[in-house]
Every structure is written in structure tokens, then in C-alpha cells.
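Take a look at the structure below.
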Amino acid sequence: MQSIPSQARVVIIGGGIVGCSVAYHLARRGCSDVLLLERRQLTCGTTWHAAGLVGQLRATHNLTRLAQYTTELYEGLERETGQATGFRQVGSVAVAASEARFEELKRGASMARCFGLEVQILTPGEARERWPLLAIDDVVGAVYLPKDGRCNPVDTTQALARGARLRGARIVEGVKVTGILRAHGRVTGVATEAGEVRAEVVVNCAGMWAREVGALAEVSVPLHAAEHFYIVTEPIPGLTANLPILRDADARSYFKEDAGKLLVGWFEPEAKPWGTGGIPENSAFEQLPPDMAHIEPLFAGAMRRVPILETTGVQVFFNGPESFTPDDRYLLGEAPELEGLYVAAGFNSIGIQSAGGAGKVLADWIIDGHPPFDLWDVDIRRCAPFQRNRRYLRDRTVEVLGLLYDMHWPYRQAASARGVRKSALHDRLAAAGACFGEVAGFERANWFAAPGEEPRYQYSYGRQNWFDASAAEHHAVREAVGLFDQSSFAKFVLKGRDAARVLNHVCANDVDVPVGRIVYTQWLNERGGIEADLTVTREAEDSYLIVSACATQARDFHWLSRSIPDDARAVAVDVSPAWAVLGLMGPRSRELLQSLTDADLSTAAFPFGTSRIIDLGYARVRASRITYVGELGYELYIPTEFAQSVYDVIVAAGGPYGLRLAGYHALNSLRIEKAYRHWGHDISDEDTPLEAGLGFAVSWEKAGGFLGREALRAQRARRVRRRLVAFALGRADRLLYHNEPIWRNGELVGKISSGMFGHTVGAALGLGYLANGGEIVSEDWIASGRYEIEVAAERVPARASLRAFYDPAGERVKC
Ligand SMILES: Cc1cc2nc3c(=O)[nH]c(=O)nc-3n(C[C@H](O)[C@H](O)[C@H](O)COP(=O)(O)OP(=O)(O)OC[C@H]3O[C@@H](n4cnc5c(N)ncnc54)[C@H](O)[C@@H]3O)c2cc1C
């Protein structure tokens, strides 16, 4: 048994490439009081058998920045540490065997350009010039990324470990962490086979063991292992070490030169989950039995693409476990359940290419107390607590491995482990033809199929099969009245004598308002970035109802709870399941609601921005005059057990008013016409209200100020260098989703943060930030530009506006 120190500032659990990268980056930032504990030997988990592909292009800009950083780091690591890494920048070729796949690759190429990556679109012939063994008879086109690379994962991990040790970090092998110590909601250290270690911060980098390590402290780390297969051939004459990586997602295969041989790996549509009952105690350098029947069809696809495989022998059939998360994105950051416990795990087959960047930003997060930029895509706070459920993880893992190489269709929904969280109205909506989408396990009606039609997605990059149905829902809301089930909203109550004081410091807007008022506000960090975007209703002198999005439930509740000072008399409670929410929206919503209640709904008695408890059917509900669609309307907060009866009453009375059920796709179309921002797309913790055009919701002079005010004041004085702007595309046959590059007078100035077709405006709409090369972004500068948006490598003219394209004065909302 190794001896270990009794104290360290940071303890890292796990000596795979991720743990070693976190140790390396902490040490590089000057935090050398780091102890990494590995239960067996460095790399013995998943890292040792990785194929070593290091790609750069990820789904979002910030994740691409991390992958780019990884290649830069690996490129110089050998020089810095003296330990070889095997890193080579050989480039990568991705081929498309269908028009749809080629559109996906070209959209990716546009994104790559926007993110500052070198990228080339290739003809099939050009692809074969770069990859001479390629069969191109069915290839439509290809994309080449010259800066992609490959490395030796074991050597790279050792180089990171050496770099960490050289800067003072201690790395101890052969010591297993058996417990996580805590007191008063904070981590205080770890228990190990060799004794306890006190620590301020503990980092769970335990790979496929991370769920079990998290469970030691009741922290949810939703991941599950799956088998992952590759083969290595006999030597193939003429293969050179400079051969690019080849990806053929249609054949679910990747190919890499490996010492004169070919390594061929797969992401099959139905994966084999592994270790559901727990990862075996003695697992180290694990090699699982090969499964020839499982890989045979995959092999056949690879042989069609690279025919020399038909006549080449196979030296190695490899099968090793890797961990996967329910949404194929890794888990990073401080766990909401326990202060000081950080997680970096669940790398979904891209842990080698992610480790550099993930290690760097996690080290920054630990040292600075916040992430260096928006990392919401991988932030562990996006997970719902139920997602650590083993059966759920097992069933979802069957699907997620294959999704890596499946078509990444817009609006694509998971097919496995569905129906987990349902609104009280779910069955009624299903009977009415709802097609559901899922957010953190919550089933939400996205659109309603017409009678006789099947509520099922037919995906494409163009107008999908629900386009017309959703357009009709949209028009019902603009012209008559629509009913949305928004029960998935997160709802918190903050109650107590100090509730107003506490909340007013958290909110940028003034929430010390009369009882019955609703306030739209942001929560800011001290840098002025937007941590949350929500509404706050004063229910009583000492009580607030706080409403935010389903996707940010854990994150927002965590932010609120941590913002309550120890000595304050205020308590936050998550009451989300207690309330169903119906959005009754549209110019005829008042008439319809008035027919069902005695309450006076006139504008004078019940103006916009107010909230009251009213009779509705046999129930008492909270009606709030607020909207996310830009029309007269009411959000109805209904105790869950009354939801069905209230819904029935509204639907029964709705016919004469033109009532129509509406889903989230229509909601998205309606809100983007109004340029209402969406947190997670249009606004994040790195965007300020001034950049986002939300200065109207900032109460600059309120007594006591608010968190983030000083940073915001400084920015106001300097004026903003980037600004969120609304765009309408000049061609109706092209659609915007996100990350499409924005060109101004032929120069790249930004990218689309969210997009949707606006059925009243009659165009594909998007929001996106514009930057002016570090100079002030003025209204004149915005107005004087000629704009184009790049869609699948083609530039399409677009109109830009600082104001919403629909009802910019907001007259329809307040009537
Ligand atoms: C076949 C295959 C091919 C792959 N190819 C690629 C590729 O080409 N490119 C790419 O980017 N990624 C690839 N990957 C994925 C990559 O290998 C992983 O994402 C990565 O290695 C994960 O690293 P890690 O540090 O998170 O986990 P691991 O390497 O598993 O490290 C976790 C460590 O934690 C230790 N540990 C666990 N519990 C405890 C405890 N209680 N106390 C102390 N220590 C503990 C374990 O012993 C283990 O060493 C591949 C994966 C597979 C299976």
C-alpha cells in the first residue's frame, strides 16, 4: 500500500487522460498542492486502448475551442516534458454517401470556418487523392480538416502526468478512493484504502466508475459503459504515417493508419451496454470478448468503402469499454449537490481529443470559481437527478453510442428510454395527436398531427413533415387562441422575511414590487454574464414564485440556493412538480378565459405584468398576464391534481374562439418573431444584458444594487463590442438552425445563436451576435451593413434588425 499525504488542496480521483490533464492544468496555473489518486495504474481504465483520433470540430463554438486547444497542447507536450506523445497532425477526410449527409458535412464546414478552423470541401475524386484506398463510386462529396490529428493515448497521458509532477503535483498509483468526506454541504476530503486525505476540492475523474464514485456522496453522475469495437489489420503495403484519418459515418466506420496497418473502428446503431451491475472491482486494462456476429455487418460496410480490407487479414479484434451519457455530451463542472466536488467524466468516445481542453477549463473553474466561458453544453448541472437511474442509463446507452455517426438531424429526438417524466395532461395531448420531444426526460408536445396522420418525425434539413401543422398552430395563436402545455417549467418558491432582500440582490431587475406583480429579469454573475433568464412573481410580502425553463431546473435552483446568505431568513423550495402550467395565448384568449371565470379580466383590472388567483372551472388557479409568444395571453398555474379538469373545461369551451392546441415548435417560431431570447442559445453566462439587448430589464439604481452591477456599469461606460441582432433570410427554401456564419459586407462578423421559421413574417429567422473587430457595435454600424448568412457553404442574403420583426412596439401584448 502506498503512503499518501493527509492533506492536499485538490484531490483528483482517477489517473486516466482526463485526471492527468486536470492535474497538469492545475499545476500549470500555479496550484501545485494537488494529489491524484489512481486505484491501479495510470491509463488502466479506458485510456490505454483508445484509438487516438484527435478531431477539432465539435457541435458548438466553445467545444470546438476546447478541441482546438487540445491539438495545440498535444503538439507541444513532447517538447515541454520530454515524453513522446505520438501526436501527428495528419488531417481528416469525412466522406458522404448521400445528399443529406453531404449537406450535414457542408453545414459542418460552414460552422468550422466560422469557428476559425481550416476546412476544404472536396469532390469524390479529390477525396481519393487524399485517401488512395477509398472506393468513391457512391460518394457524393467530402470535407477535409487539415489540422485534425492523432496521438498515442498512453504516452500522451504519461506526458501530462510528467508535466504535472514537474510542477509539484503528486500522483500516487495503487490507492483506491473509498469514500467522499463532507460537512455542512461542502466536500472536505476523501477516504482511501490508505487513510483519509483532507481537501478543499475533490475532482471525480473516475471514467466509467464515476457514477459509483459520485454515489459515494449522493452526487448524480449519469453515465454508463458500453462496448466499443475496433480491429487492426495485417500490414498493408504503401500505407504511410501521414495518411489522414478517414470517417465514413454512413458506413459507421473510422479508419486510421497504425504502424503500417489499418485500425478500423465503429459506432454501430445498437450498442452493447456493459457493467450495468457495477464495473468489476478488479477491472484494469480490460479487454472484453470479441463479438463477431455484432461487428460483421459493420465490417461489411467498411470493406465497401475500403475494398483492400477484403483481402487483408486481421491481427487484432479489440473490444473495450467506454462511458456514455444520456445526451452524448460529457459531464463537467461542480456538482450541484455538493460544493467543492467537481466532475470530469463520461467522454462518449472523445476523451482523448477532449482531455486537453476539458482539463484546462476545469482547472480554471476550480481556481477562479467559475468557468472561463460558456460551457453549458457539457455542464453537469444540465442533468436531472433521475438520470442516474441504472435502467434508464442502460437503455439509453444502447442508442447514444450510434448517434455519434448517425445523421444529426435538426429536432432529432432520442428513441430510447422515453416516457420518463410526463405532464398530468400527457395522455390527453397524446390522444389529440401530440408528437412529443424530450428535455431532461420530460415529454413535451412539440407539434400536433392532423387527424389520421401519424405523430412521428420525418427528418430532413429542409421543411420536415410537421412544418404545415406547426404553421397552423402558429397562426391560431396570432389570429385566435392557442393552448400550450408548459408544465415542464421549473418553479421555485423563495419564502421568508428576507426573501425580497435576498432576491433583489440576485436579480438585475427590481423585484421589490407590489404583491401580484410579475418581473422579467436576469440573474447575473459578477462579470455581468447572464446565469439565468426568468420571471419572478411576488405572491406575498414574504414569498416569490420563480419560473424558469425545464432544461435549467437544477442549475437555476443551485444558483438561487447558493445565493442565500447563511444568516438570511429565506428558504428556497423547488415546487416544479406541484404545478401544471397552461399557456392560453392569442388575441381571443381573454374572451375565452372570461367565459370561464367571474374574475374581471379587463386590462384596467388585470393589466400585463400582473398575476392573480382566479376561479377557473371548479379550481382556483394563478393566472399571470405574461407571454413568450408576443400576444395577449395568460400563463395558468394550476395545482397538478386540478390540471386535467381545468384543461377539459378550457378545451370544451374553446371551439367558438378558434382554440387550437399548440406545441413547442410553434412556440419557438412565435418567440423568434418577437426576438425573445432563449437562455442556452441566445444568452449565456458569457453574454451580458447590454450585449443581448436586455438593458431594459436592468434596474441600475435600485437600493442595495445587484450582483454583476459594477461589471455592467463598466461595460455601459465602454459601450458594447458585440450585440445580438435579429435576422430574416432572403430565401424561404433555406432554414436556419444554429451556428450558421453571418457575413457583413463580405466579412465574417458572427454566427446564428438560434433559428426557426417565422410563419407570420414568412421567412427563416435567426438571432445572432455581431462583432466589429473589437470596435464599438453601434446602431449605425449594424444598419449600414449588407448581410449574408452562410447555409451549407452557400451565402444567402439576409435582413438585419435590432428590433423584433413582428410587433416591435409590443402593442399586441399589452392590449
Ligand atoms: C475502443 C475505444 C477507442 C477510443 N478511441 C478514441 C479516440 O480515437 N479518440 C478519443 O478522443 N477518444 C477515444 N476513446 C475514448 C477515450 O478512450 C475515453 O473517453 C478516455 O480515455 C476517458 O478517459 P478518462 O480519464 O475519463 O477515463 P479512464 O481512462 O477510464 O480513467 C479513469 C481512471 O479512474 C480510476 N478510478 C476509478 N475509480 C477510482 C477510485 N475509486 N479511486 C481511484 N481511482 C479510480 C480508474 O482506475 C481509471 O484509471 C476510445 C474509447 C474506446 C473504448
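Close contacts from the stretch 52-79, counting a first residue that is of a type in the set (Gly, Ala, Ser) and a second that is part of a helix (DSSP H, G or I) and open to solvent by less than 30 Å² (accessible area, probe 1.4 Å), with Cβ to Cβ under 7 Å and a gap of 6+ residues or different chains, come to 52/153; 52/352; 55/67; 55/353; 67/353; 67/354; 67/357.
Of the strands (runs of 3 or more DSSP E) lying entirely inside the stretch 115-191, none contains at least 2 residues that are within 30 Å of residue 45 (Cα to Cα) and of a type in the set (Gly, Ala, Ser). The number of residues in the stretch 502-543 being of a type in the set (Phe, Trp, Tyr) and farther than 26 Å from residue 383 by Cβ comes to 1. Here residue 168 passes the criteria (1) closer than 13 Å to residue 37 by Cα; (2) at pLDDT 95 or above except the one numbered (1). Being under 24 Å from residue 31 (Cβ atoms) and touching a residue at least 24 places away in the same chain (Cβ under 8 Å) is true for just one of 139, 172, 154. Which residue is that? Step by step, each of 139, 172, 154 is checked, and only 172 is under 24 Å from residue 31 (Cβ atoms) and touching a residue at least 24 places away in the same chain (Cβ under 8 Å). When the strands (runs of 3 or more DSSP E) confined to the stretch 387-485 are screened for residues that are over 30 Å from residue 212 (Cα atoms) and in contact with a helix residue (DSSP H, G or I) (Cβ under 6 Å, 6 or more places away or on another chain), those reaching at least 2 such residues are found at 442-448, 481-485. Within the stretch 312-334, restricting attention to residues that are open to solvent by less than 30 Å² (accessible area, probe 1.4 Å) and small (Gly, Ala, Ser), which residue is farthest from residue 370 (Cα to Cα)? So, considering only residues that are open to solvent by less than 30 Å² (accessible area, probe 1.4 Å) and small (Gly, Ala, Ser), the one farthest from residue 370 (Cα to Cα) is 320. Only residues that are away from the ligand (no atom under 15 Å from the Cβ) and touching a Gly at 6+ places or on another chain (Cβ under 8 Å) were counted across the stretch 8-32, and they come to 3. I'd like to verify a number: residues in the stretch 722-755 that are buried (at least 16 other Cβ atoms within 10 Å of the Cβ) and either within 22 Å of residue 775 (Cα to Cα) or among the charged types (D, E, K, R) (or both), how many? Number satisfying all stated conditions: 17.
Among the residues of the stretch 630-655, those that are in contact with a Gly (Cβ under 8 Å, 6 or more places away or on another chain) and charged (D, E, K, R) comprise 631, 635, 648.
Taking the numbered list (1) without any contact (Cβ under 8 Å) to a residue 60 or more places away in the chain; (2) in contact with a Ser or Thr (Cβ under 7 Å, 6 or more places away or on another chain); (3) more than 10 Å from the ligand (Cβ to nearest atom); (4) in a loop (DSSP other than H, G, I, E, B) in turn, residue 271 passes all entries but (1).
Could you tell me whether the stretch 317-325 includes any residue that is farther than 25 Å from residue 417 by Cα and without any contact (Cβ under 8 Å) to a residue 12 or more places away in the chain? No, because not a single residue in the stretch 317-325 is farther than 25 Å from residue 417 by Cα and without any contact (Cβ under 8 Å) to a residue 12 or more places away in the chain. Can you pull out the residues in the stretch 33-58 that are more than 8 Å from the ligand (Cβ to nearest atom), closer than 22 Å to residue 228 by Cα and either touching an Asp or Glu at 6+ places or on another chain (Cβ under 7 Å) or among the hydrophobic types (A, V, I, L, M, F, W, C) (or both)? Of everything in the stretch 33-58, those that are more than 8 Å from the ligand (Cβ to nearest atom), closer than 22 Å to residue 228 by Cα and either touching an Asp or Glu at 6+ places or on another chain (Cβ under 7 Å) or among the hydrophobic types (A, V, I, L, M, F, W, C) (or both) turn out to be 56, 57.
Would you check if residue 79 is surrounded by fewer than 19 Cβ atoms within 10 Å (Cβ to Cβ) and within 16 Å of the ligand (Cβ to nearest atom)? It is false that residue 79 is surrounded by fewer than 19 Cβ atoms within 10 Å (Cβ to Cβ) and within 16 Å of the ligand (Cβ to nearest atom). The sole residue among 197, 154, 190, 175 that is under 23 Å from residue 17 (Cβ atoms) and either touching a Phe, Trp or Tyr at 6+ places or on another chain (Cβ under 8 Å) or not hydrophobic (A, V, I, L, M, F, W, C) (or both) is 154. Of the residues 431, 440, 449, the single one that is surrounded by fewer than 16 Cβ atoms within 10 Å (Cβ to Cβ) and aliphatic (A, V, I, L, M) is 431. Within the stretch 202-214, residues that are under 15 Å from residue 330 (Cα atoms) and of a type in the set (D, E, K, R) sit with their Cβ atoms under 9 Å from residues that are within 6 Å of the ligand (Cβ to nearest atom) and open to solvent by less than 10 Å² (accessible area, probe 1.4 Å), at 6+ positions apart or across chains, in these pairs: 211/345. The residue list 85, 70, 43 contains one member that is part of a helix (DSSP H, G or I), among the polar types (S, T, N, Q) and under 18 Å from residue 151 (Cα atoms), which is 70. For the stretch 333-377, filtering for residues that are part of a helix (DSSP H, G or I) and more than 13 Å from the ligand (Cβ to nearest atom) leaves 10. Whenever a residue of the stretch 535-549 is closer than 15 Å to residue 504 by Cβ and of a type in the set (Asp, Glu), its partners that are in a strand (DSSP E or B) and modelled with pLDDT of 95 or more, lying with C-beta atoms within less than 9 angstrom and at least six residues away or across chains, give the pairs 542/495.
Only a single criterion out of (1) free of Cβ contacts under 8 Å to residues at least 24 places away in the same chain; (2) under 23 Å from the mean Cα position of the chain (by Cα) is not satisfied by residue 677, namely (1).
Scanning the stretch 315-332 for residues that are in contact with a Pro (Cβ under 9 Å, 6 or more places away or on another chain) and in a strand (DSSP E or B) returns 315, 317, 318, 319, 324, 331, 332. Take the conditions (1) part of a helix (DSSP H, G or I); (2) charged (D, E, K, R); (3) surrounded by 21 or more Cβ atoms within 10 Å (Cβ to Cβ); residue 812 misses just one of them, which is (3).
Residue-level check: of (1) closer than 24 Å to residue 561 by Cβ; (2) open to solvent by 30 Å² or more (accessible area, probe 1.4 Å); (3) of a type in the set (Phe, Trp, Tyr), residue 342 misses just (2).
The values are calculated or read from the model by the stated rules, or taken from the named source; none is laboratory data. Just so we're clear, the structure is a prediction, and the values are computed from it rather than from any experiment. Backbone-built Cβ (ideal geometry, glycine too); neighbour counts: all protein chains shown. Surface accessibility is based on the protein's heavy atoms, side chains included, excluding ligands, DNA and RNA. Shrake-Rupley method; radii C 1.70, N 1.55, O 1.52, S 1.80 Å.
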